[in-house]
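Novice: Would you mind keeping the following structure in view while I ask a few things?
The values are calculated or read from the model by the stated rules, or taken from the named source; none is laboratory data. Here the structure is a predicted model, which means the values were calculated and not measured. As a convention, Cβ positions derive from the backbone with ideal geometry for all residues, glycine included, and neighbour counts pool all protein chains shown.
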Amino acid sequence: MKTQTIKFSSVVDTIYNLPLEDKVELKSLLEHNIADSRRDEIVLNFKKAQEELKSKKLKFSSNIQELKRNV
């Protein structure tokens with residue numbers, strides 16, 4: 001399958017010219033896709049934190065000064 005490069009402005013122009021029903025459907029699809037992507041990101045961050053905890057790289061502290069230094 002041949003890959004085609006599409007400019008963002010071209011996509012936006014195409015979307016603006018869609019009928020209202022199609023725009024609403026596209027909005028719904030994008031919102032669900034964004035939510036799925038965020039969930040995937042959260043899962044990856046959780047797994048990374050679990051590995052850091054197991055390898056003792058993750059540090060916990062209730063000392064505000066220490067937390068500020070670690071940022």
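Novice: Which residue pairs have Cβ atoms under 9 Å apart, sit 6 or more places apart or on different chains, and have a first residue in region 4-23 that is free of Cβ contacts under 8 Å to residues at least 40 places away in the same chain and a second that is hydrophobic (A, V, I, L, M, F, W, C)?
Specialist: Short answer, once both residue conditions are applied: Thr14/Ile6; Ile15/Leu26; Leu18/Leu26; Asp22/Ile15; Lys23/Ile15.
Novice: Quick one: how many residues across region 1-28 are modelled with pLDDT of 95 or more and exposed (fewer than 10 other Cβ atoms within 10 Å of the Cβ)?
Specialist: 5
Novice: Name the pairs: first residue in region 43-68 and among the basic types (Lys, Arg) and surrounded by 10 or more Cβ atoms within 10 Å (Cβ to Cβ), second residue modelled with pLDDT under 85 and assigned to a loop (DSSP other than H, G, I, E, B), Cβ to Cβ under 8 Å, at least 6 apart or on different chains?
Specialist: Taking only residues 6 or more apart or on different chains, the pairs are Lys59/Asn70.
Novice: Next question. Got a number for residues in region 48-71 being among the polar types (S, T, N, Q) and modelled with pLDDT under 85?
Specialist: 2
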